[in-house]
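Presented below is the structure to which this report refers.
The numbers here are math on the coordinates, done by the rules we state, and not lab data. Model, not experiment: these values are computed from the prediction. As a convention, Cβ positions derive from the backbone with ideal geometry for all residues, glycine included, and neighbour counts pool all protein chains shown.
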2 protein chains.
Amino acid sequence: MTTFADIVNPQAIAAARQRIGADVRHTPLLRLPGAALGVACAELWLKLEHLQIGGSFKARGMFNRMRSLPIPAAGVIIASGGNAGIAVACAARALGVHCEVFLPELSSPAKRAVLAGLQAQVVVGGAAYSDALAACLLRQQETGALLMHAYDQPEIVVGAGTLAAEIEADAGVPHRVLVSVGGGGLIAGVAAWFEGRCRVEALEPVGSPTLHAARKAGAPVDVAVSGLAADALGARRIGAIAWEISQQHVAASHLLPEDAIRGAQQLLWSELRLAVEPAAALPLAALRCGAVVPAPQEDIALVLCGANFELAGLS
Amino acid sequence: MTTFADIVNPQAIAAARQRIGADVRHTPLLRLPGAALGVACAELWLKLEHLQIGGSFKARGMFNRMRSLPIPAAGVIIASGGNAGIAVACAARALGVHCEVFLPELSSPAKRAVLAGLQAQVVVGGAAYSDALAACLLRQQETGALLMHAYDQPEIVVGAGTLAAEIEADAGVPHRVLVSVGGGGLIAGVAAWFEGRCRVEALEPVGSPTLHAARKAGAPVDVAVSGLAADALGARRIGAIAWEISQQHVAASHLLPEDAIRGAQQLLWSELRLAVEPAAALPLAALRCGAVVPAPQEDIALVLCGANFELAGLS
């Protein structure tokens, strides 16, 4: 029987890296002694993925899907109020493809303006995200546009995995990689690349514990979502691909308190001048609050996954 | 007769790189196609030096001077309200050395708090910077502390040059390097490293034209200082070292309008999620406003020199 591991694996990720090499940025890896951020380990490898096109890692998966499949005349379509929508709009603009993004009425005018600025057609409708998704799916049936998902399609996960391949190309295999989880597309890609060659650990805010709840229940379950990182990490249920791959290659899952996340976000600015969204601060928060305790000789990779937020929140 | 070029040169810079290699960060180089920022050239190489310890390139020179000379029991002393003061305080803390920073009464309480947080002894006195400098020099006579200058000491310039050595180690020699100028320590170090192997150009805001005025007058002259980058680029006169070296190895000097600088600062955030101070935006501003017109095949290095500013100014 085919499993996701048959199509989401290092070979597929290496091929994706070739496919999207000219589309996305090879983001920098900032290597620091652990002591620079008060962590008792050898080196911290900060993958500055928030400098990616569209301000988050999502562009990797979107470009990979759009470069892997035929794109209908109707273009691409997605329901997303966050980084995935921005990434689809960026990729569609770069490839000259029509793009529709469905958002609920609650979405901020600022986000709609960003999407419109990227030449996406913004469709606002329904009170909740699930309403926007329903409208998006109906519309996709009408137009035949290529449906893009924020995290649970193989090309999306494989694209995210190219980030891990870049870390290895730049610095080798770390002892541990710390990754934030929303729907799980990023951690699934990272775990699929390393295939157990290093310890991959999942981090979630207490307010949106999709993977943690699934591991406890033994299967993906719906969770309530709240809190400061809900915007970027606010999937309600871990993706099917992430669930399969994480069972094999994710060593642990940790829930982090909001104040630790906020403190790590502030520290990244005050010590390193890295302005990132709360979701990107979870890896450092995990080390600072003691949820993850490294050995002294470890090199630890931290994925800084995005920077789509209001700067005012940092000052 | 000895010239500064006898002691500020590639050999000295290579030695400094060894000397301070464990003290400072090898900052990342972000390579992008010119089109990503609307520039008609091959590649833009962004040297993310604003991620350096203390939030600016200044730490390189400060560590280099403190590692090159005996440090008296009284420690180090400087008059500075900006990045140089922060860098000295960072270096002194790291090396366990006493540090006094003299500031005028006009300096912001926020800056004093940053310096105090770095365990520097802050001495506030005098209405203007020149008064703080006079007090600093008197105090140095009393204590024998090692006097640190923001830009016009050989070890400081040599230390700054290590930034250029890193660019070459990471990506080779670009066709052109664009560097902001205040007192000229940074551009002197960069020009001394490349020694004419690429075109080095100087950028200043119209409100603080120290090098431009010196080139026009044929010698360093005092200038009035004003405007948005005055804080970081607000030296009143080009340094003697920078003057000598720039005459030989700096190909051109450009004055940039404030709105171009502000626009480039905004673009670095909106397109790349790089939060930098105005002084760090001059290289991109020069390309965007047409002050510098590259050939299509050029690779251009842009030094993003600092990020010590209030984030609120960007949002």
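The table below gives the values:
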| read-out | value |
| --- | --- |
| Point-to-point label distance, B:Ser130-B:Glu310, nm (Cα→Cβ direction, 7 Å offset) | 2.8 |
| Unit charges at the beta carbon, dipole of chain B: most positive-side option, B:Ser68, B:Leu133, B:Val181 | B:Ser68 |
| Residue of chain B nearest the B-to-A rotation axis [by Cβ], rounded angstrom distance | B:Pro28, 2 |
| Leading residue at positive end of dipole, chain B (Cβ point charges), from B:Ala219, B:Ala150, B:Ala16 | B:Ala16 |
| Sum of -39500 (n - 2.57) over DSSP H runs of 4+, divided by residues of chain B (222 nm, nearest 500) | -12500 deg cm²/dmol |
| Most mobile of B:Val190, B:Val293, B:Val181 in a GNM of chain B (Cα contacts under 10 Å) | B:Val293 |
| Estimated distance in nm for a label pair at A:Gln121 and B:Ala35, the labels positioned 7 Å out from Cα along Cα-to-Cβ | 2.5 |
| Gap separating the Cα centres of the stretch A:37-76 and the stretch A:269-312, nearest whole Å | 17 |
| Cβ neighbours within 10 Å from other chains - mean over B:272-279 | 5 |
| Computed label-point distance, nm, for sites B:Leu138 and A:Ala14 using a 7 Å Cα→Cβ extension | 7.1 |
| Interchain or long-range residues, amide H under 5 Å from A:Gln121's placed H | A:Cys99, A:Glu100, A:Val101 |
| Most mobile listed residue (B:Leu115, B:Leu30, B:Leu138) in chain B, GNM with C-alpha springs under 10 Å | B:Leu138 |
| Number of partner chain Cβ atoms within 10 Å, mean per residue of A:21-30 | 3 |
| Paramagnetic reach from A:Ala224 (point 7 Å along Cα→Cβ, amide N under 17 Å) across the stretch A:234-258 | A:234-237, A:258 |
| For A:Leu256, distant residues with modelled amide H under 5 Å away | A:Glu204, A:Val206 |
| Value of relative contact order over the stretch B:225-303, rounded to a whole percent, pairs C-alpha under 8 Å and six or more apart | 27 |
| Max mean-square fluctuation residue, GNM over chain B, Cα-Cα springs under 10 Å, options B:Ser226, B:Ser270, B:Ser208 | B:Ser270 |
| All lysines inside 18 Å of B:Lys47 as judged from Cα atoms, apart from same-chain residues fewer than 8 positions distant | A:Lys47, B:Lys58 |
| Label 7 Å beyond Cα on the Cβ vector: A:Ala240 copy-to-copy distances, nm | 7.6 |
| Burial ranking of peptide ranges A:59-65, B:63-69 (average Cβ count within 10 Å, highest at the top) | A:59-65, B:63-69 |
